[in-house]
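Take a look at the structure below.
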Amino acid sequence: MNVGIYPGSFDPITFGHLDIIKRSAKLFDRLIVAVLSNPQKEPLFTVDERIEMIRESINDAPNIEIDSFSGLLIDFARLKQAKVIIKGLRAVSDFEYELQMALMNKKLDERIETVFIMTSSKYSYLSSSIVKEVASFGGCVSSLVPPLVEKQLKRKYKVN
Ligand code: ADP
């Protein structure tokens, strides 16, 4: 079976992530969306909240699994028998860091490939952090995230 893994913080999931998920799910028998549990990053949402928002947003795609991991992505990929890591690329600014990560992961396990999918142009400026910044000041994010995520952001930031 051809398994791909799409890792990220997803704090919270945006339409940019969902676009990459939908497009990459077509390329694999099974796609695992892997939520990084990294308390040092001080996420806004807990891992469970992030998983729930992803689950609600992709509603029942049969070949998509959502899971969480901590530690090395390569170890989690091996555990899940995934041969391909999917990364989304937005701008040149993503490239340098992603290249470094991809080369390091290749060094750790040469059997696992990193594949980059280019963002759709309409989402090229979109990141979880910019969504949080706008939402924290009460700005409208309805064109950037699914309705449930918008609701959860309002709850966290106590804005209407
Ligand atoms: P961020 O906090 O920057 O939004 P994540 O760690 O949640 O990022 O991102 C997980 C993956 O999704 C990364 O590969 C990232 O490049 C990709 N990604 C994030 N936003 C977009 C977008 N708007 N278009 C394409 N890929 C994206």
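Of the residues Lys83, Lys132, the single one that is open to solvent by 40 Å² or more (accessible area, probe 1.4 Å), over 24 Å from Phe45 (Cβ atoms) and touching a residue at least 60 places away in the same chain (Cβ under 8 Å) is Lys83.
If you check Arg55, Arg50 for being touching a residue at least 24 places away in the same chain (Cβ under 8 Å) and in a helix (DSSP H, G or I), only one passes: Arg50.
Quick check on this structure: which one of Phe69, Phe76 is over 30 Å from Lys154 (Cβ atoms), within 16 Å of the chain's Cα centre (by Cα) and surrounded by 15 or more Cβ atoms within 10 Å (Cβ to Cβ)?
Values: Phe69 fails: over 30 Å from Lys154 (Cβ atoms).
On inspection, the qualifying residue turns out to be Phe76.
Condition check for Lys87 on (1) within 23 Å of Lys26 (Cα to Cα); (2) modelled with pLDDT of 95 or more; (3) assigned to a helix (DSSP H, G or I): one failure, at (3). Put simply, of Ile20, Ile32, Ile66 the only residue that is outside any loop (DSSP other than H, G, I, E, B), in contact with a helix residue (DSSP H, G or I) (Cβ under 6 Å, 6 or more places away or on another chain) and β-branched (Val, Ile, Thr) is Ile66. For segment 110-126, the count of residues that are closer than 25 Å to Lys26 by Cβ, among the charged types (D, E, K, R) and at pLDDT 95 or above is nonzero.
The values are calculated or read from the model by the stated rules, or taken from the named source; none is laboratory data. A quick note: this is a predicted structure, and the numbers were derived from the prediction, not measured. Glycine gets a Cβ as well: all are built from the backbone with ideal geometry, and neighbour counts include every protein chain shown. These accessible areas exclude ligands, DNA and RNA; they are computed on the full protein's heavy atoms, side chains included. Shrake-Rupley method; radii C 1.70, N 1.55, O 1.52, S 1.80 Å.
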